[in-house]
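One structure is given below, encoded as structure tokens.
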Amino acid sequence: MRMYQVIIVEDDPMVAEIDKQYVEHNSKMAIAGIFQNGQEALDFVRTHPVDLIMLDYYCLLYTSPSPRD
């Protein structure tokens with residue numbers, strides 16, 4: 001059976017854990033990575049194929065408060 005590779009992009013550790021449990025509960029999905037910001041996720045997907053990205057829409061792209069700072 002094909003496993004769908006999933007990454008989670010979430011800056012709140014409690015929400016990331018809930019997302020992780022949801023993915024682990026589904027027998028067709030596997031966690032490929034969990035990231036706290038968009039830049040980490042982008043770096044990962046450039047070299048690792050994934051099927052699904054669970055993304056916190058309000059998560060920062062960069063680790064600093066603002067990429068303009």
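Hey, among Asp12, Asp69, which residue is loosely packed, with under 13 Cβ neighbours inside 10 Å and either among the charged types (D, E, K, R) or modelled with pLDDT of 95 or more (or both)? Step by step, each of Asp12, Asp69 is checked, and only Asp69 is loosely packed, with under 13 Cβ neighbours inside 10 Å and either among the charged types (D, E, K, R) or modelled with pLDDT of 95 or more (or both). Within segment 24-42, which residues are over 11 Å from the mean Cα position of the chain (by Cα) and surrounded by 13 or more Cβ atoms within 10 Å (Cβ to Cβ)? Those that are over 11 Å from the mean Cα position of the chain (by Cα) and surrounded by 13 or more Cβ atoms within 10 Å (Cβ to Cβ): Met29, Ala30.
The values are calculated or read from the model by the stated rules, or taken from the named source; none is laboratory data. What you are looking at is a predicted structure, and each value in this text was computed from that prediction instead of being measured. Using ideal geometry, Cβ is built from the backbone for each residue, glycine included, and neighbour counts are taken over all protein chains shown.
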